[in-house]
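S.K.: Would you mind keeping the following structure in view while I ask a few things?
The values are calculated or read from the model by the stated rules, or taken from the named source; none is laboratory data. If you're wondering where the values come from, they're calculated on a predicted model, not measured in any experiment. Every residue, glycine as well, gets a Cβ built from its backbone with ideal geometry; the counts of neighbours run over all protein chains shown.
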Amino acid sequence: MYSIQGFGFSLLLFIRKLASMITMFCIGFSLIAEQVVLMRFFSETKHHHIAFFVIGIALLGIGASGTIRTILHRTVSRRPELWIGGGLSLFTLLTAVSLPLIESLPIDFLYFVFDPIQLFYIFIYIFILFLIFFFGGFVSASILELFTQDAPLLYGINLIAGGIGGLAPLLLLHWIPSHILFQAMSLFGILGGLSWILTVSSRDGDLVQRFWASSLLVVLVLAFLPWEPKPAIYKPLYTLTTLQEEGLATKVLEKRSPRGTYHAFEAPTFHYAPFIGLQASSPPPPQIFLLKDGELEGTIFKVTSLKEAEILDSTPQSIPYRLVDHPKVLILDETGGVNLILASRFNAASITIVVSDPTMAEILQEQVQQNSGFTLGDEFIEIVSEEPRLFLEQAKMQDKRFDLVHIASTESLPTASSGLLAPRENYLLTVEGIRETLSILTEDGILSVSRGLQSPPRDAFRLLTLTKEALQQRGVKDPENYVLLARNYLAFLLMIGLVPITAQRKQRFLDLLPGLGMDPEYYPGIQIEEHLPYRNKVSSPSGQPYSYYHWGAKTILEKDPKALIDQWVYDISPVTDQRPYFHNFFSWKGLGQILSQLGREGIRKAELGYLIVVITGICIGIIALPLLMFTVYFGGARSTPTGGRLYAVVYFLSIGFAFLFLEISWLAFFRRIVGDPFLTVVIVFTGLLFSAGMGSLRIGKVGSRLEIVILKAAFRILLILLLYETVVPYLMFPIAQTPAPVRYGIALAMVSLPGYWMGVFFPIGLRMVQRHGQSFVPLAWASNGFASVIASPLAQLLSMSFGFPLLFILAGIFYLFAALYTFFYQVIKGILVEKRSP
Amino acid sequence: MKRTVCLFYRVPQLRFALLLSLWILLSGLLFGWGKKETPKTLDGEEVFTRDRERMVVTQIEARGVRDPIVLSALRKVPRHRFVPKSLEERAYDDTPLPIGYGQTISQPYIVAYMTEALQLKGTEKVLEIGTGSGYQAAILAEITPHVYTIEIIPELADRARKTLNEAGYRFVKTRQGDGYFGWEEESPFDAIIVTAAAGHVPPPLLSQLKAGGKLIIPLGGPYEVQMLTLVEKMQDGTFRTNQLLPVRFVPFVRKAESSQ
């Protein structure tokens, strides 16, 4: 009888444990999957920078839940199952209703300055999203505290679920629009709730069941309510869909992949002409507009013959084709079909187009064939879907050479983006990127880049500093003899040769410019007076008749550019693979100069991307600080020994900073191996959470000497990071030759290796803290949440300023510090205990 | 005193309260709490006339616009009649204002600057692309009787025509349609003013410009900082351009042509 009762009791315990594990899995899965899907949703409907806030909002929500749990510690402890059940239901409900709710807010970004109520709306907007992660975090932390003995196991499951949650959208976003997928995540809340009902004891079972049933009802009702998000007004997709509603545009294609949502529109009255000269006599031909996430990526001319695309002859991009006869052409990062037509108009011998996005490559292939009459993929026109840097490494290995290489991505990017592109890494526009591109040119070949004009110049100067550095790395002593620079009223064109520019080529270049309405800005031995006054006047150094473009090119190429780099209003220092942020031009000194010269109006020109990250970090810090303060001053922690409190705060702050420093820097670092930004996010999230989960599970089995375990782990992490730092640059060439799945595997392994050891820190810390008292657990969560919130913008800033190596080192130091602190803390405590004992 | 401070600091609740207050203060400073706008009492047309004069002196002349024809035009046109009723109070402020449909009425200084850049004498035939509120057209109409203006958004075109008529500028010729193609039947023009951001100068506008004529246009992407550019057509048909000023205009909205 006793044994049957005992068996029944054990079975009950087992079911309870299993159910709590399922609940934990569901929450862990949806918390990460929702972040990934939400980032996608914002990229599609809003501006990119809003997508960056998702991680911050999520971390803030999870951190705040730790604080609130501290404040409500006693209340929650009385009926934890009920609170968890309630939290689960709210998490489910908010996941289901939040997107239609926030989209119904009458937010208009154009009216912020005029209408203070808009600020209130944006607050509500963020707050609703914050609540989802708050309740998710609340449930996770409460379950961990309720099942103290199984904390490492449950924490491990939570992390592994997060890893899977990061991976799942990769598959699902192929078929399901992001807004529907996000709402569908509420089903995991339902499942988690259902399993929680099995866990709950009879006292609160009835209430929890009611909570669950009501959330299920709401989710089901919402599933049948039609809802479609609208793109933001400042996205070209908004204009084109509006035109479509008025019958003035036709949508010819809609496709989705985890990397983006793609549209193609035909709008006869919507013209796009990249940098056309003033001598063009007719409007551009009808076009198909290719959009990715609502932004214009490129266009495809609807022409029946190459003659109809004559307008392209007036562009600066046409110059290289006039300098090299019958060239073998490589177009890197093409996003439309315009450069292809241009190359064809000038009788290219062969054209290779490299498109980094496979879906875009597919669309280009199909649309170009239908509308411009080209077949991509035949013997003359090859289309390659690969990250451009990886393609360059592969081409080098196969000894492929091109007469003309054109970097096309700079043409479609906004010219004056006020720094919005600053946090976006680009491995093609780095010193190493330019050096590698030059290495696949034929001896007579030209590398060309064109970009919209800026005043004062910005991108042109950085391209020139990159060029000089890249040429010098190739052993060139006189880089000034390798460069040609010209511009029209809209854009400049930079051309770099593999060998010095010949007199014949220089003359041909000069002869071309008048017909194109262009001005020369630099060529070897230039006497600018011969070319003044300009056809297209732009800003000049004070009292000088020549432009900043000429002055900058001459200074950078012919002199030591250090003084110019130090004093220029923008950061134009050459960026490298360790700091691949070509579009980050912000400089503190420059900001001061701009503001003193132009006053408040100048702020628009200050390239604020970096500063926005700084301000965001400060704001998040100020908002997050009370989370920590509340946990320190309220709740059970106050009444317990100071030593334990200090330990919990210092330890969890350290590991929070370390984890996020690595996670954020890896999102950019591993893109170099993976090639695709979204896949990189998935691999880093999944690899890190999964391996950290495994590490955490292992800790569940370790009984003692925990301080030794984490000390060893810290040294291992440090060692691995140092290895990555020193060895990976040399391994890039062989890695680039491997097929994509192998590269993904390598990246996953590289993330998982330190990830496993990183995973042991949190559960060990929790166990250490629990030794001092259960009430320290929320304090640990809050400290970790606070560090995570602060660390994400800080990591972005540090990598933009100093590069990834610093973040790797800092993360290693933080882990080592946490481990040593624990070690010595345990030793000192042990000595004290020994002394006290009789 | 020192003891009181120590005591204050030793009590955790007080210490917390102190830190919290500091935090609130810091947040307040950061988010700009406590900003108060001085209320403006309106007193009929006289107040607007006074505001207009102040606008010309402090925003236009002070920034270097000197052309007496332009200054006189700005003194005459009742800008408050071209903004929505709810924003009348701010009509003479140094800022663009929303007029609906995602469009704005330009900052007074920009209107003055662009008009001055065209160097009008009083008899020229001028084409404006992007009527918007109609204010720029009214300024031009104070200078020359030959003003043509095109607006793509039908509702705005209707409203601007009505406002221009009511304000006494009936002679301004308005049209609803796509400004990209200009106004072929009335070409050539001595001057063309484009009051919406464009990625390039539309070729049809260049061909409708007289030799010796001037075209002013903000060039750059939508919702970015654009560069106000002056294009001059030389006697031999070639062009000279000059970048003048960074500005921010609403986009050049594209739509099919339907003239009225």
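S.K.: Considering every residue within the stretch B:146-162, establish whether at least one is without any contact (Cβ under 8 Å) to a residue 24 or more places away in the chain and within 28 Å of B:T241 (Cα to Cα).
M.R.: Yes; the residues of the stretch B:146-162 include at least one that is without any contact (Cβ under 8 Å) to a residue 24 or more places away in the chain and within 28 Å of B:T241 (Cα to Cα).
S.K.: Next question, about the same structure. From the residues in the stretch A:455-472 that are of a type outside the set (G, A, S) and within 14 Å of chain B (Cβ to nearest Cβ), which one is surrounded by the most Cβ atoms within 10 Å (Cβ to Cβ)?
M.R.: Pass one, the stretch A:455-472, residues of a type outside the set (G, A, S): A:456-459, A:461-469, A:471-472.
Applying the additional criterion that residues be within 14 Å of chain B (Cβ to nearest Cβ) yields A:456-459.
Working: A:P456: 18, A:P457: 27, A:R458: 24, A:D459: 23.
The extreme case among them is A:P457.
S.K.: Additional query: Determine whether the stretch B:156-168 contains at least one residue that is within 11 Å of chain A (Cβ to nearest Cβ), modelled with pLDDT of 90 or more and within 25 Å of A:L243 (Cα to Cα).
M.R.: No, the stretch B:156-168 contains no residue that is within 11 Å of chain A (Cβ to nearest Cβ), modelled with pLDDT of 90 or more and within 25 Å of A:L243 (Cα to Cα).
S.K.: Give the residue that is farthest from the chain's Cα centre (by Cα), with candidates limited to residues of the stretch B:218-235 that are more than 10 Å from every other protein chain (Cβ to nearest Cβ) and part of a strand (DSSP E or B).
M.R.: B:E232
S.K.: For the stretch B:88-128, which residues satisfy the criterion of being more than 14 Å from chain A (Cβ to nearest Cβ) and among the hydrophobic types (A, V, I, L, M, F, W, C)? Break it down stepwise before answering.
M.R.: Within the stretch B:88-128, the subset more than 14 Å from chain A (Cβ to nearest Cβ) is B:92, B:106, B:108, B:111-112, B:114-116, B:118-128.
Once the filter is applied, which keeps residues that are more than 14 Å from chain A (Cβ to nearest Cβ) and among the hydrophobic types (A, V, I, L, M, F, W, C), the stretch B:88-128 yields B:V111, B:A112, B:M114, B:L118, B:L120, B:V126, B:L127.
S.K.: Evaluate the following for A:P231: is it touching a Gly at 6+ places or on another chain (Cβ under 7 Å) and closer than 18 Å to A:G294 by Cα? Before you say what the answer is, go through the steps one by one.
M.R.: Numbers: touching a Gly at 6+ places or on another chain (Cβ under 7 Å): yes; closer than 18 Å to A:G294 by Cα: yes.
Yes.
S.K.: Could you check the stretch B:91-120 and list, in sequence order, the residues that are at positive phi and modelled with pLDDT under 90?
M.R.: Those that are at positive phi and modelled with pLDDT under 90: B:G100, B:Y101, B:G102.
S.K.: Looking only at residues that are over 21 Å from B:A197 (Cβ atoms) and assigned to a loop (DSSP other than H, G, I, E, B) in the stretch A:247-267, which one is nearest to the other protein chains (Cβ to nearest Cβ)? Don't jump to the end; show me each part of the working.
M.R.: Step one: list which residues in the stretch A:247-267 are over 21 Å from B:A197 (Cβ atoms), which gives A:247, A:250-264, A:266.
After this cut, where a residue has to be assigned to a loop (DSSP other than H, G, I, E, B) as well, the list is A:247, A:258-259.
Working: A:G247: 9, A:P258: 27, A:R259: 23 Å.
Top of the filtered list is A:G247.
S.K.: Right, here's the next one. Among (1) β-branched (V, I, T); (2) at pLDDT below 60; (3) outside any helix (DSSP H, G or I), which single condition is B:V65 missing?
M.R.: (2)
S.K.: Then there is this: Can you give me the number of residues within the stretch A:215-246 that are within 27 Å of the chain's Cα centre (by Cα) and either away from chain B (no Cβ under 14 Å) or small (G, A, S) (or both)?
M.R.: Of the residues in that region, 3 qualify.
S.K.: Continuing with this model, one more query. Do we find that B:R175 is of a type outside the set (S, T, N, Q), over 19 Å from the mean Cα position of the chain (by Cα) and more than 14 Å from chain A (Cβ to nearest Cβ) in this structure?
M.R.: Values: of a type outside the set (S, T, N, Q): yes; over 19 Å from the mean Cα position of the chain (by Cα): yes; more than 14 Å from chain A (Cβ to nearest Cβ): yes.
Spelling it out, B:R175 is indeed of a type outside the set (S, T, N, Q), over 19 Å from the mean Cα position of the chain (by Cα) and more than 14 Å from chain A (Cβ to nearest Cβ).
S.K.: For the stretch A:616-627, how many residues are at the interface with chain B (Cβ under 9 Å from one of its Cβ atoms) and either closer than 23 Å to A:S587 by Cβ or without any contact (Cβ under 8 Å) to a residue 60 or more places away in the chain (or both)?
M.R.: At the first step, the residues of the stretch A:616-627 found to be at the interface with chain B (Cβ under 9 Å from one of its Cβ atoms) are A:618-619, A:622-623, A:625-626.
Adding the requirement that they be either closer than 23 Å to A:S587 by Cβ or without any contact (Cβ under 8 Å) to a residue 60 or more places away in the chain (or both) leaves A:618-619, A:622.
Matching residues across the stretch A:616-627 total 3.
S.K.: Continuing with the same structure: Please pick out the residue among A:I143, A:I197, A:I160, A:I164 that is modelled with pLDDT of 80 or more and closer than 23 Å to A:V97 by Cβ.
M.R.: Working: A:I143 fails: closer than 23 Å to A:V97 by Cβ; A:I160 fails: closer than 23 Å to A:V97 by Cβ; A:I164 fails: closer than 23 Å to A:V97 by Cβ.
Result: A:I197 is the single residue among A:I143, A:I197, A:I160, A:I164 that is modelled with pLDDT of 80 or more and closer than 23 Å to A:V97 by Cβ.
S.K.: Kindly provide the set of residues from the stretch A:493-512 that are touching a residue at least 60 places away in the same chain (Cβ under 8 Å) and either within 14 Å of chain B (Cβ to nearest Cβ) or not hydrophobic (A, V, I, L, M, F, W, C) (or both), ordered by number.
M.R.: Applying the first criterion (touching a residue at least 60 places away in the same chain (Cβ under 8 Å)) to the stretch A:493-512 yields A:493, A:495-496, A:498, A:505, A:508-509, A:512.
Of everything in the stretch A:493-512, those that are touching a residue at least 60 places away in the same chain (Cβ under 8 Å) and either within 14 Å of chain B (Cβ to nearest Cβ) or not hydrophobic (A, V, I, L, M, F, W, C) (or both) turn out to be A:R505, A:R508.
Rundown of residues vs (1) crowded, with 21+ Cβ neighbours inside 10 Å; (2) touching a strand residue (DSSP E or B) at 6+ places or on another chain (Cβ under 8 Å); (3) not in a strand (DSSP E or B), yes/no style:
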{"residue": "A:V476", "(1), (2), (3)": "no, no, yes"}
{"residue": "A:F492", "(1), (2), (3)": "yes, yes, no"}
{"residue": "A:V499", "(1), (2), (3)": "no, yes, yes"}
{"residue": "A:R508", "(1), (2), (3)": "no, no, yes"}
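S.K.: Select from the stretch B:94-106 the residues that are within 21 Å of B:V47 (Cβ to Cβ), surrounded by fewer than 22 Cβ atoms within 10 Å (Cβ to Cβ) and in contact (Cβ under 8 Å) with a residue 24 or more places away in the chain and list them in ascending order.
M.R.: If the condition is that a residue be within 21 Å of B:V47 (Cβ to Cβ), surrounded by fewer than 22 Cβ atoms within 10 Å (Cβ to Cβ) and in contact (Cβ under 8 Å) with a residue 24 or more places away in the chain, then B:D94 is the only one that fits.
S.K.: Yes or no: A:G452 under 23 Å from A:T430 (Cα atoms) and either out of contact with any Phe, Trp or Tyr (no Cβ under 9 Å at 6 or more places or on another chain) or away from chain B (no Cβ under 14 Å) (or both)? Talk me through it step by step, then tell me what you get.
M.R.: Details: under 23 Å from A:T430 (Cα atoms): yes; either out of contact with any Phe, Trp or Tyr (no Cβ under 9 Å at 6 or more places or on another chain) or away from chain B (no Cβ under 14 Å) (or both): no.
Answer is no for this residue.
S.K.: Within the stretch A:533-552, is even one residue under 40 Å from the mean Cα position of the chain (by Cα), within 19 Å of A:S450 (Cα to Cα), hydrophobic (A, V, I, L, M, F, W, C) and more than 14 Å from chain B (Cβ to nearest Cβ)?
M.R.: yes
S.K.: Limited to the stretch B:193-212, what total is found for residues that are in a strand (DSSP E or B) and away from chain A (no Cβ under 13 Å)? Explain how you work it out, then say what you get.
M.R.: Going residue by residue through the stretch B:193-212, those that are in a strand (DSSP E or B) are B:193-194, B:197-198, B:209-212.
From the residues that got through so far, the ones that are away from chain A (no Cβ under 13 Å) too are B:193-194, B:210-212.
The total comes to 5.
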